[in-house]
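Below is one structure, written out as structure tokens; the observations come after it.
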Amino acid sequence: MLHHERLGKLLPTAAMVGVLAMLAACSPGPSTSDEAAEPPAGSGGQPAGADPVSGQHPLLAAALEMDPQVRAVVGRLTEACLRDAGLDRFPAQLPAGLPGPAVAPPQQSPTLAEATANGYGIRAAETAGQADAEAGATTERFTWPSPAEERRYQEALTGAADGETLTDDAGNPTLGGCVGEARSVVYGEVAAPPSPVTVIDEAARAGYGADPTVTSATAAWSDCLQQEGQPQLLDPADARRFAQYFHYPVGERPGGRVPEGGPWPAEVAREKEIELAVADAGCADRTGLREAQRLAWEKALDAAVDRHDAELSGYRDAMAAALRQGQQALAG
């Protein structure tokens, strides 16, 4: 593993921690080709402008807040290590790790005002993405001066190059180079416990899906949609997914029912999107689906967090300690 004097003074004597909650994907170096974009789907997990389902448990929220802060510290320590290694030119966004797990609430219908004005926000999201791309086009694209320089960066970053995977003494995948050293500084001799967030998310979703009030309200919502002349759809998330294919080709794996005859020209597709979104919103209002979703999600999430309270508290405390240790290293 590449070792540098600045971080070496801070490293513990124990072996470097391996793959934890923030395991880095570490596909170092910037891509010189544009990534293939999937069809935009409004603004994130909710329809454009809609308030997400409430009910974020305070303990869960505190634990989730730790992850991006710790990853940011790891990134700053990694950058310092690279500079100490004589690398003063590298991508601005270092691959410090994959985003940690999250708990996403169930998809809700747009409000009637949102639906009337903008449907599900599919084209609005596309427009925003194009504006971001145009703004980014004014920034000079990062390029390596030579393949040798890129390889040098990769080896300094992770201790490996050309897709090689490092393993620890037990044969588990691990990280070397500056990322590995930075993580060792942050976590110290005791590895952070595995994040229980994914387990909590799965338990909350199972509880939510089994709630009879949601099942009843969703069935009523689906019947209402058909009475409005719309196809039979499973839930608001299914309706929003269906609406994407007014605009975009279905492809090989649509993941559910799709409109026949699409995609359509932009104006026609927008009309169809708004028509479906308005019916979706109106049916959600008449059947009380939003309130049923909110209450069921809060109940299910609280129950899931309570069942895993000890693990979640331990994870939050360990991440808080890692954050303090990383900040102290940066300050020193």
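The values are calculated or read from the model by the stated rules, or taken from the named source; none is laboratory data. What you are looking at is a predicted structure, and each value in this text was computed from that prediction instead of being measured. Note that each Cβ is placed from the backbone with ideal geometry, even for glycine, and that neighbours are counted across all protein chains shown. Accessible surface areas use protein heavy atoms only, side chains included; no ligands, DNA or RNA. Shrake-Rupley method; radii C 1.70, N 1.55, O 1.52, S 1.80 Å.
Data overview
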{"read-out": "ASP162-SER313 FRET efficiency (beta carbon distance; Förster radius 51 Å; 0.05 resolution)", "value": "0.75"}
{"read-out": "Distance (nanometres) between label positions extended 7 Å along Cα→Cβ at ASP84 and GLN226", "value": "6.6 nm"}
{"read-out": "FRET efficiency estimate (nearest 0.05) - Cβ-Cβ, GLN328 to THR198, R0 30 angstrom", "value": "0.50"}
{"read-out": "Two-site FRET efficiency, ALA113 against ASP169, from Cβ-Cβ distance with R₀ of 51 Å, rounded to 0.05", "value": "0.25"}
{"read-out": "Simple label model, 7 Å out from Cα along Cβ direction - ARG141 to SER216, nm", "value": "5.8 nm"}
{"read-out": "Reciprocal of mean inverse Cα separation for the range 234-332 (Kirkwood radius, Å)", "value": "17.8 Å"}
{"read-out": "Nearest-10 value in Å² for the accessible area of THR111, using the 1.4 Å probe", "value": "60 Å²"}
